Amino acid sequence: MSPDRNEARRWAEEELSKPKYPDAQPSWLEQVWQDFLDWLASLGSDSGSPGNGIAVPVIIALAIALIVVAVIVVRPRLNARRRKPVPDVFGDEPVVDAAVYRQRAAAAADDGDWRAAVVEQFRAVVRSSEERDIIEARPGRTADEAAAQLGGVFPIARLRLTDAARSFDAVLYGGMPAHRADFEAVCAVDSELLGMAPEFGAPAATGFAVPR
């Protein structure tokens, strides 16, 4: 006598559980998928079943649920793989003093290249602060980190420093356009810091230099 469906499945599972079949074992995902397919097949096995009328809506709902789960689980991992670390605010360029960055920014502004003007002017802000021993010269510092550290000793200019760092990142890494107003805002921050004394007694962030 031939075994019924359940008994055949049990025999197969017992056979596959033997040590000689370790590599043939399905993954948990494959097993779940196979169980799902078996369940779908069982829905259509009896056309007179009261639940047969709701089979299609149930299948659609489950398919949508699987898609949502895949998006939630897989997409963050893909984004994490694509996400790249933000480079040093000065890039890979050899050390250049603040005066040179300001000259480059002015030349770019004269040419109407506001993206380059914003980038060079913000670099002048950071390099100038290093030259004044307000923050230590440290490789790998990002624009946001520099703004946060400078905002700790120039609290009055904290918001403008943050805005300048965002403009820097937007035009250099985000491919966003820049305008004269963006450049002038960074210039204003640069001039403002030059005329201010740092408040080293303010709540400190890491990376401050010891004033000489």
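Using each residue's phi in segment 119-125, evaluate 6.51 cos²θ - 1.76 cosθ + 1.60 at θ = phi - 60° and report the 3J(HN,Hα) Karplus result to the nearest Hz, with x for Gly and Pro.
Each residue's phi maps through the Karplus curve to give 4, 5, 5, 5, 4, 5, 4 Hz.
Fully extended, how many nm does the chain gain between TYR173 and VAL95 (0.36 nm per residue separation, minus their Cα-Cα distance)? The partial results should precede the final answer.
On the way: separation 78, 0.36 × 78 = 28.08 nm, distance 2.09 nm.
Once the chain is fully extended between TYR173 and VAL95, it gains 26.0 nm.
Tell me which residues come under 5 Å, amide H to amide H, from ILE135 once H is placed; ignore anything under 5 positions away on its chain.
GLU130, ALA209
Put LEU193, LEU159 in order of accessible area, largest first, 1.4 Å probe: what do you get?
Descending order: LEU159, LEU193.
Quick one: length gained pulling ALA107 to ARG138 fully straight, 0.36 nm per residue minus the C-alpha distance? Write down the numbers at each step before the final one.
Values: separation 31, 0.36 × 31 = 11.16 nm, distance 2.71 nm.
Extra length available between ALA107 and ARG138 comes to 8.5 nm.
If DNA, RNA and ligands are ignored and the probe is 1.4 Å, what is the ranking of ASP133, ASP144 by accessible area, most exposed first? All intermediate terms of the calculation are to be shown ahead of the outcome.
Details: ASP133 30, ASP144 85 Å².
My answer, sorted largest first, is ASP144, ASP133.
What FRET efficiency comes out for ARG180 versus PHE200 if R0 is 45 angstrom and r is the Cβ-Cβ distance? Round to the nearest 0.05.
Numbers: r = 34 Å, r/R0 = 0.76.
E between ARG180 and PHE200, to the nearest 0.05, is 0.85.
The values are calculated or read from the model by the stated rules, or taken from the named source; none is laboratory data. Bear in mind the structure is a predicted one, so any value in this text is a computation, not a measurement. With ideal geometry, Cβ positions are generated from the backbone for all residues, glycine too; neighbour counts draw on all protein chains shown. Ligands, DNA and RNA are stripped out before the accessible areas are found, and what is left, the full protein with its side chains, is counted by its heavy atoms. Shrake-Rupley method; radii C 1.70, N 1.55, O 1.52, S 1.80 Å.
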